[in-house]
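Visitor: Could you have a look at this structure, given as structure tokens, before my questions?
Just so it is clear, none of the values below were taken in a lab; they were calculated from the coordinates. Since this is a predicted model, take the numbers as computed values, not measurements. Cβ atoms come from the backbone with ideal geometry, glycine included; neighbour counts cover every protein chain shown.
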Amino acid sequence: MKTLLITGAAQGIGLGTATLFADRGWNVYGLDVQSDRLAAAALKGGFEPLVCNLTDPESIAEAMASLTQLDALVNNAATNANGDPLTLSVAEWKRVLDVNLTAPFLLSRAAAPLLAASGGSIVNIASTRALMSEPHTEAYSASKGGLLSLTHALAMSLAPVRVNAVSPGWIEHAVPEALRSFDHAFHPAGRVGTVEDIAEMVWYLTSEAARFITGQNFVIDGGVTKKMIYPE
């Protein structure tokens, strides 16, 4: 049986991806700092909860030390600190970079021997915010841009372990009933994205069908980043 470790498994894309892999017969470890929410999600999704604080290198090392087999690592967990860059605190900037960029580096480094042994791969969940931005998203955008660069760098350094990234656009998981017809129509694909859209891409990238793909970023956004928008 193959084994997956995915971070940020308590909700959203992480929960959806953990559930999909578990449903398809993988042994899944879902990592998150929110212990209560993670326990409930793991029970629902059929995976093993693994509590870890991604801002703490020792907590990361402890979590990784508990694994003896690994076929795929998905670095999905993320946080943000939206605010005016003129007043954003260094502590908030550092917190975002720790979770969104440093933790994937530390997890990937620790997982590399197990993945090399199994012929496994890494998938980093980046964001279209690595390619385009709204005001006051500097910490998040910088972390996701760094994650894309980390992806192709690790693909070279850890080869033949494959390392790829997925950059989701608008993925609605909290209140899909609140979406308006305009929200869907804004997307060339005709709808806002779902966690299943991302989970299926992760599934493909960890499969044998993708064994010749490494160092790449896959934008899953319904076409929005290719859409030219002019002022009304």
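Visitor: Label points 7 Å out from Cα along the Cβ direction at E48 and R24: separation in nm?
Guide: With each label point 7 Å from Cα toward Cβ, the separation is 2.1 nm.
Visitor: Another question, then. GNM, the chain, Cα, under 10 Å: largest mean-square fluctuation among T102, T128, T68?
Guide: Result for the chain, Cα springs under 10 Å: T68 fluctuates most.
Visitor: Within the chain, what's the longest run with no trypsin sites (Lys or Arg not before Pro) in a DSSP loop and at most 14 other beta-carbon atoms within 10 Å? Give the range, please.
Guide: 25-179
Visitor: Over the range 31-170, what is the mean sequence separation of C-alpha contacts under 8 Å (at least six apart), divided by residue count, expressed as relative contact order in percent?
Guide: 25 percent
Visitor: So what's the angle, to the nearest 10 degrees on a 0 to 90 scale, between helix 35-45 and the longest Cα principal axis of the chain?
Guide: Relative to the chain, helix 35-45 is tipped by roughly 80 degrees.
Visitor: Now for a different question. Does anyone have the angle between helix 12-23 and the longest principal axis of the chain? Alpha-carbon axes, 0 to 90°, nearest 10?
Guide: For 12-23 against the chain, the angle is about 40 degrees.
Visitor: Right, next: Hull surface divided by four, with the convex hull built on the Cα atoms of the range 103-188: how many nm²?
Guide: 7.5 nm²
Visitor: Something else about it: So what's the range 1-50 giving for Cα Rg divided by 2.2 N^0.38 Å, two decimals?
Guide: 0.93
Visitor: Compute the semi-axes of the equivalent ellipsoid of the range 35-172, taking the square root of 5 times each eigenvalue of the Cα gyration tensor, and list them largest first in whole Å.
Guide: 26, 19, 15
Visitor: Further question on the same structure: Want the number for A91 to T68: 0.36 nm per residue separation, take away the alpha-carbon distance, what's left?
Guide: That pair, A91 and T68, stretches by 4.8 nm at full extension.
Visitor: Say R0 is 25 Å: what FRET efficiency, to the nearest 0.05, do Q34 and E196 get from their beta-carbon distance?
Guide: Taking R0 as 25 Å, the efficiency between Q34 and E196 is 0.70.
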